[in-house]
Amino acid sequence: MTTIDALLGEEIMQRVELLAAHTEQPGMLTRTYMSTAHQDAAGQIAAWMREAGMTVRSDAAGNVIGRYEGLTPDAPALLTGSHYDSVRDGGRYDGPLGILLPIACVSAWHRLSRRFPFPLEVVAFSEEEGVRFKATLLGSRALAGTFDTRVLDNIDDGGKTMRDAMRGAGYEPDDLPAAVLPRNRVAAFVEVHIEQGPVLLDEKLPLGIVTAISGATRFMLELDGMAGHAGTVPMQSRRDAAMAGAEIGLFIEQRCQAELGLVGTVGQFTVPNGAANVVPGRALLSIDIRAGEDAVLRAAVDDVRAAINAICARRGVRVTLRKTYEAVSVACADWLQAQWADALRRCGIPQRRLPSGAGHDGMAMAAITDIAMLFVRCGNGGISHHPSETMSTEDAALAARVFIDFVEHFSVPAVCD
Ligand code: HGY
Ligand code: MN
Ligand code: MN
């Protein structure tokens, strides 16, 4: 590892820590769309982009975009980047690594007056996780022109609409159409991201090339049964909403255990205004089902829907099922995977290709350009979406070196596959 690599690794990791200080909940990292912490983080990122020699713009969705001019100014830009929002009590590398690593590399190129035949744009996407308003990939959809304006009426836990939250932070949703990137302005989109899983760690590999991003379908489920006194309502006459939810959750677990690569999660399960001595009349659940193959995902979703209806009919519980997210699996372009593989080879790092079970902004960016991703090894068993999420400075340095090599050799083939 060269001194330059080590310095880049250090810079990236230090800035991850500084960015993590922008949180809504002291003592943990929670940075949701358009909160004060979210906007403070945007300001910090913009400042680092300027220091690195980029011009900076932001758009109506809150994306922060740094542009490092190329030798041919109107050439299509190579886009890179990731998201700066987080889940609640999340990890500090999920998103920021893919923003701060390119900024550090651009800063090095700028100091060396190194330019490329194409502009490089680093995008800090404003919202990928969908935590506050239950709508995901907002930043990348705004750039890709696939932002569904119906989500502007989604409300957060406090009853505020996304539209009001955006205006309160100084953004005008009516200007979203101006954020769309014309397809011919983009050469490709590549993202550096932690793996958020154990594969690279188990195989003792620092980096991996992503082959495809799994598709996913998400629902919010409202179950309405009948509340009652915990001491007087006989078991056989109960319409217990929470037990219906529990049975649904167990069905999802068993159905998804049946197939490799299929995963199902009930990440939120609440009994509004519940009490220990009251039979739950209402229960709210989230459902997240994913698979690398779309046909497998569709079949699992159909089975879960059928099971929900059967369980609720038998238990006398009314069900409202609202789809909050659906994305088909997205392949990473072969020509970009090959250029990542060439960069790894030139840097003397073993190549490992693997799918991504986690969703990423590339799923939206694929609407306007070819995409690819470089995964970086996670520590702590690969845990993510959790404060124990971690990675090493050495791996940050290696990823920076490979990213630098990738960009310095980047070219768009005459005919893309
Ligand atoms: O949920 C996901 O897969 C991503 O981290 N938003
Ligand atoms: Mn992420
Ligand atoms: Mn995430």
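Where a number appears in this text, it was derived from the coordinates with a stated rule and is not lab data. Fair warning: this is a prediction, and the values are worked out from it, not measured in the lab. No Cβ is skipped: glycine too gets one built from the backbone with ideal geometry, and neighbour counts run over all protein chains shown.
Points worth noting:
- Lysines with Cα under 18 Å of LYS323, excluding same-chain neighbours fewer than 8 positions away: LYS134
- Stokes-Einstein D in µm²/s, Kirkwood radius over Cα pairs - segment 298-417 at 37 °C with 0.692 mPa s viscosity: 182 µm²/s
- Share, in percent, of DSSP beta bridges within the chain that are antiparallel, nearest 5: 70 percent
- Phi-derived couplings, Karplus 6.51 cos²θ - 1.76 cosθ + 1.60 at θ = phi - 60°, listed residue by residue for segment 23-30: 9, 7, 10, x, x, 8, 9, 9 Hz, with x used for Gly and Pro.
- The stretch between ARG150 and ARG345, if pulled fully straight at 0.36 nm per residue, gains 65.6 nm over its current Cα-Cα span.
- Mean shadow area of the chain over all directions, Cα convex hull, nm²: 20.8 nm²
- Compactness of segment 189-311 as Cα Rg over 2.2 N^0.38 Å, two decimals: 1.38
- The chain: angle of helix 393-409 to the longest principal axis, Cα-based, in degrees nearest 10: 60 degrees
- Under 12 Å from the Cα of LYS204 - aspartates and glutamates, other chains or at least 8 residues apart: ASP395
- In sequence order, segment 10-21 has phi-based couplings of 4, 4, 4, 5, 5, 6, 4, 5, 5, 5, 5, 6 Hz under the Karplus curve 6.51 cos²θ - 1.76 cosθ + 1.60, θ = phi - 60°, and Gly or Pro positions carry x.
- Distance between segment 148-195 and segment 80-140 - C-alpha centres, whole angstrom: 15 Å
- Sites matching GluC sites (Glu not before Pro) across segment 219-263 that sit in DSSP coil, with at most 14 neighbouring C-beta atoms within 10 Å: GLU259
- With Cα atoms defining each centre, segment 200-249 and segment 343-404 are spaced 29 Å apart in the structure.
- Pairs of Cα atoms farther than 21 Å apart, segment 128-257, %: 66 percent
- Phi to ³J(HN,Hα) by Karplus 6.51 cos²θ - 1.76 cosθ + 1.60 over segment 310-317, Hz, x for Gly, Pro: 5, 5, 6, 5, 5, 8, x, 10
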